[in-house]
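Quick note: the coordinates plus some simple rules give every number you see, no bench work behind them. Everything quoted here is computed from the prediction, not taken from an experiment. Neighbour counts run over all protein chains shown; Cβ positions are idealised from the backbone, glycine included.
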Amino acid sequence: MTGRSEDHRGDAGGRRLGAVMNASELREWFAHEVLPLEAALMQFLQHNWRNQSDIADLRQEVYVRVCEAARAERPENAKAFVFRTARNILINRVRREHVVPIEAVADVDALGVAMDAPGPDRTVIARDELRRLQAVLDRLPDRCREAVILGRVEGLSGREIASRMGITESTVSIHLANGVRALVDAFFANGTDRRGKA
Amino acid sequence: MSAVGEEGALPLGDANEIEAEAADWFQRRRFWHWSEEDQIRLDAWLDQSMAHSVAYWRLDAGFEGTERLTALRHPHFGTPNPAPKRNWRPILFRTAAAALVVSAIGAFALRYETPPPVEKAYATGIGRTERIALSDGSSIELNTNTKLRVSIGRKQRRVFLDRGEAYFQVAHDAQRPFVVMVGKRRITDLGTKFLVRRGAEQVEIAVSQGRVRLEATNESHAFAPVELIKGEVVVANDKQIVVKTKTPKKLADELGWRHGVLVFDHTSLSDAAREFNRYNEGKLIIEDPQVAQLTIDGTFRSNNVGLFARAAKDLLGLRIEVRGADTVIAR
């Protein structure tokens with residue numbers, strides 16, 4: 001970790017005594033503190049990195065790094081930590097690849113302010129969420145969509161889906177895996193659904 | 001963790017591949033037969049690198065989050081007919097329209113249903129719990145000092161929770177809604193496990209699986225029906241209803257009584273005493289307001305007030321005083 005320790009100075013690298021997390025605590029922390037930031041993180045990465053095909057890798061790297069650091073010491077402020085890590089990753093990439101992105105790496109503190117504001121009425125969220133997920137289902141290829149609806153909405157097992165659709169179980173697996181990815185992306189995209197423009 | 005490397009960067013281009021692999025593991029675990037061996041293999045894969053773990057955790061958490069999609073399934077219907085080759089949306093709309101008609105007919109038929117289903121009453125005393133298995137495959141666990149009545153009819157299954165707390169595990173039956181009545185409130189199961197606790201002034205409902213719908217049945221306190229999904233807790237009194245989300249651990253803690261335990265997590269002594277007093281004739285008394293505010297963690301047998309009092313004494317440096325059947329905790 002020597003090469004990276006100074007990247008996290010102030011959070012994970014500080015001298016404060018933070019709690020070491022076990023695997024299930026880490027998973028909980030990641031799900032409740034980090035993943036809800038995904039929409040803002042993606043926005044940050046897309047805004048500050050020219051090559052959009054790198055975004056998935058960058059996001060993964062941010063997640064891996066914050067989790068490794070958090071395992072050793074739980075950060076006090078997950079949001080600040082995630083964005084500082086993202087910024088450092090971008091800076092290191094720029095240095096290593098000798099490329100300069102068009103826009104300089106933005107001020108981390110300016111981001112995500114809106115996330116602290118109280119959320120709108122829960123029922124509104126629920127309705128929007130449903131609408132957004134429906135829109136994602138609509139964009140899936142026909143057979144994939146059918147498999148996902150039978151599995152997620154109707155609660156059928158893979159085997160039942162295969163016999164219902166008259167296709168092989170391995171094909172069902174592929175449809176389900178693709179559908180799960182699309183739904184999860186949409187779920188975390190939180191209203192800023194970038195695939196809509198593609 | 002070698003995946004990160006000394007350079008501080010992951011190899012480019014592998015996030016997509018790892019996510020595809022994670023998605024395959026996830027769908028196998030979620031939709032297919034899953035054995036101990038499968039779990040061991042998955043665990044080994046997750047342990048290989050943090051990148052594997054985060055990809056899998058992310059899919060798992062995100063997919064849980066799409067639970068909302070089950071709202072598209074109409075409760076009055078089971079699975080749709082095996083013909084969804086066309087666009088699925090018109091099918092859902094038609095299903096919904098048909099459901100409205102069916103439920104209207106259902107309500108009409110209900111009124112003339114003969115003979116009325118037999119109502120059975122169940123009750124538990126203080127400190128007792130009881131599990132009842134219903135003829136339809138559902139089960140109800142009654143917590144301490146609880147009274148309820150059950151009627152399983154051909155068209156509807158009804159439970160009146162007159163007092164206390166119960167945990168419901170409902171065998172879903174699209175033809176027979178499972179309804180829990182709590183005073184003027186109606187809770188309709190939409191395929192689920194849930195907890196209902198009736199207090200003096202408020203009702204608390206916690207959903208540990210599936211969905212339920214909460215409605216008012218009287219005009220004066222009317223509020224819009226609320227649909228609750230897994231992990232949500234609603235507290236309703238005469239004036240308002242509040243929906244909160246609880247972590248799976250918190251929900252599990254609240255259900256500790258099913259195993260005869262109370263789970264405290266930064267719980268104040270006054271709240272802990274109130275909990276113990278639901279289960280025991282001999283009461284736990286805390287008169288000192290400052291002592292009442294001290295907090296305690298731990299899992300205790302709900303019938304062992306003595307052990308709890310000793311823990312409070314040892315951990316918090318307090319004094320125990322026995323007053324007849326009651327126990328007083330003081331400074």
- prompt: At a Förster radius of 51 Å, what calculated FRET efficiency corresponds to the Cβ-Cβ distance of B:LEU316 and B:LYS239, to the nearest 0.05?
  reply: 0.90
task: Under 1.5 on a/c is rounded, so check that first for the stretch B:119-251, then, if it is not, pick prolate when a/b is larger than b/c and oblate when it is not; a ≥ b ≥ c are the square roots of the alpha carbon gyration tensor eigenvalues.
output: rounded
query: Cross-link list A:LYS79/B:LYS244; B:LYS155/B:LYS246; B:LYS244/B:LYS283; A:LYS79/B:LYS246: which exceed 26 angstrom alpha carbon to alpha carbon?
result: B:LYS155/B:LYS246; B:LYS244/B:LYS283
Estimated FRET transfer efficiency when R0 is 45 angstrom, pair B:ARG274-A:HIS32 (beta carbons, to 0.05): 0.95
field: Proxy reagent accessibility, fewest Cβ within 10 Å first, across B:MET181, B:MET50
entry: B:MET181, B:MET50
